[in-house]
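Q: Encoded as structure tokens, here's the structure I'll be asking about.
Just so it is clear, none of the values below were taken in a lab; they were calculated from the coordinates. Model, not experiment: these values are computed from the prediction. Cβ sites come from the backbone with ideal geometry, for glycine too, and all protein chains shown count toward neighbours.
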Amino acid sequence: MSDTAGRADPPVWGHLGPGPSAGKRPADLDLVLPAQLRSRAVVSAGSEERILPYAETLEAIDAATKHGIAVLGVESFEIRGDGALLALGFSVYEFLPEPDWGTFVGQNNHTAERWIKDHRLGENHGYILTSASQKEFSSLKARGSP
């Protein structure tokens, strides 16, 4: 349905699907998110990353913290009526996983939460969280990623 300007109506959260495709191992963060939170996500075409509304993004960070998963970065998007994504911004911060993993998680997740609160977006907008559990982070380092 279109409005009088001919633009498509905004998307309904969760309309693009439930998450990663069959055969692809989901990120550890996806494994710990409650089903009701996952169902509120828009899944981007191609990358299959979850785009969460404001409140759900903060809940996801809380879940990550409780499960020892570091939020390494945040991207913000407008979700257009045709389903296209318009990138609006991204966080810039970096901490070293020292002196221990728990401190690393705390520093990253506190900073991610602060960034989201400082960049609060309304309807038809959302956030992608880039995250890593200690196991995922170690795997990236072993493959030579920075």
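Q: Sorted from largest down, what three extents in whole angstroms do the Cα atoms of region 28-142 have along their principal axes?
A: 45, 26, 25
Q: Then there is this: Between residue 103 and residue 55, what is the FRET efficiency for a Förster distance of 22 Å, r being their Cβ-Cβ separation, to the nearest 0.05?
A: 0.25
Q: So for region 78-146, what are the equivalent ellipsoid semi-axes in whole Å, largest first, each being the square root of 5 times an eigenvalue of the Cα gyration tensor? Display every interim value, and only then the final one.
A: Details: eigenvalues 160, 50, 16 Å².
The equivalent ellipsoid of region 78-146 has semi-axes of 28, 16, 9 Å.
Q: At 7 Å along the Cα-to-beta-carbon direction for both residue 63 and residue 130, put a label point, then send me their distance in nm to one decimal.
A: 2.1
Q: On to the next question. Among residues other than residue 106 whose Cβ falls under 11 Å from its Cβ, what is the net charge (Lys/Arg +1, Asp/Glu -1)?
A: My count for the surroundings of residue 106 gives -2.
Q: Could you give me the ³J(HN,Hα) list for region 65-77, computed from phi with Karplus coefficients 6.51, -1.76, 1.60 and θ = phi - 60°, whole Hz, x at Gly and Pro?
A: 4, 4, 9, x, 10, 8, 8, 7, x, 9, 10, 10, 9
Q: Okay, moving on. Residue 88 to residue 36: extension gain in nm, 0.36 nm per residue of separation minus the Cα-Cα distance?
A: 16.1 nm
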